[in-house]
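Take a look at the structure set out below.
The values are calculated or read from the model by the stated rules, or taken from the named source; none is laboratory data. Everything quoted here is computed from the prediction, not taken from an experiment. Cβ: placed from backbone, ideal geometry, glycine included. Neighbour counts: every protein chain shown.
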Amino acid sequence: MNKQLEKLSSKLVNAFLNNKIVAPLPLKYTKKLKDAQKFRAVCESKINNPIIGFKAAGTGIPVIKKLKEKEPFYASIFKRNFLQSGKKVKINKFTLGIELEVCYLIKKNFFFSKGIITMKNVSKYISHIAPCIEVVGYRQRKKGITSFGDLCSDFGANVKFLIGQKKKYKKIKIENLKTIISNKKIKQSVIGNTNTVYINPLNSLRFVLNKIKKDKINLNKNFYVFTGSTVGVVPILSKGIYTGKIDKLGSVKATIY
């Protein structure tokens, strides 16, 4: 590991652990997704906190095309960033927004599976399903998104995840469920659909599981996969309670302050 990479990764890890903001990373670590993924992996390896799952990011096909990428990417989610519905989340001016997602709880026997995960066999590894809110933002002094590398290099830009009530998994038509996230206090409301998530959330899950296999990751426990936003990145216009609802799955809340 070269000295600059060591220094910058340690600085970003410190910001991650202590809710600090640091100077933007050099472009050589963020411009290309391949380089950003390597930087993210180095940072994640320095975190002494349990990984409880993984997130898919960049799952909107129009965004993938606009930024000239071929596919989404994934990042690890640590226990310290995982909250129950309704809990408080502190934001800052580098917070990008809030997202509403479908979350799956995956059985640990996935790690002993052989072969690739397909749309036909992915369901047998799912234990539960739930609605989830992700608050996204940087630990760096920068705004906006110019590449997937921007997001990926900064721990996938995940600030906090809040999960709603889990339901035992059964097959439903996940590809066309209406979603909405709102802040009633300021009458802010954004409508979405699960079909905006990399074809559908189940396909996004399949993508993440195959990436985990390829990278030879084994948590040896049940774990969560957050499949990407059904409403895009919704700007947080005011502090207060944001409520997300997904048809057939239920609701989830985040208290922003």
Handout entry: Residues satisfying the stated conditions in the stretch 138-149, i.e. surrounded by fewer than 24 Cβ atoms within 10 Å (Cβ to Cβ) and either among the small types (Gly, Ala, Ser) or not in a loop (DSSP other than H, G, I, E, B) (or both)
Key = 140, 144, 147
Practice task
Please specify each residue of the stretch 164-194 satisfying the condition of being within 20 Å of residue 54 (Cα to Cα) and over 17 Å from the mean Cα position of the chain (by Cα).
Solution key: 165, 166, 167, 168, 169, 174
Practice task
Could you tell me whether residue 156 is outside any strand (DSSP E or B), buried (at least 18 other Cβ atoms within 10 Å of the Cβ) and at positive phi?
Solution key: yes
Practice task
Give 11, 79, 55, 46 a once-over and let me know the one that is buried (at least 18 other Cβ atoms within 10 Å of the Cβ), of a type in the set (D, E, K, R) and at pLDDT 95 or above.
Solution key: 55
Problem - Residues that are under 16 Å from residue 226 (Cα atoms) and part of a strand (DSSP E or B), drawn from the stretch 169-206 - result: 179, 193
Problem - Failed condition for residue 98, given (1) out of contact with any helix residue (DSSP H, G or I) (no Cβ under 9 Å at 6 or more places or on another chain); (2) assigned to a helix (DSSP H, G or I) - result: (2)
Completion exercise
Going through the stretch 59-68 in order, the residues found to be surrounded by 15 or more Cβ atoms within 10 Å (Cβ to Cβ), assigned to a loop (DSSP other than H, G, I, E, B) and at pLDDT below 95 are 60, 67
Handout entry: Checklist (1) in a helix (DSSP H, G or I); (2) touching a helix residue (DSSP H, G or I) at 6+ places or on another chain (Cβ under 9 Å); (3) under 18 Å from residue 70 (Cα atoms); (4) not β-branched (Val, Ile, Thr) applied to residue 210, failing item
Key = (2)
Handout entry: Pairs with Cβ under 7 Å, 6+ apart, first in the stretch 200-227 and touching a residue at least 12 places away in the same chain (Cβ under 8 Å) and under 21 Å from residue 58 (Cα atoms), second of a type in the set (Lys, Arg) and in a strand (DSSP E or B)
Key = 226/55
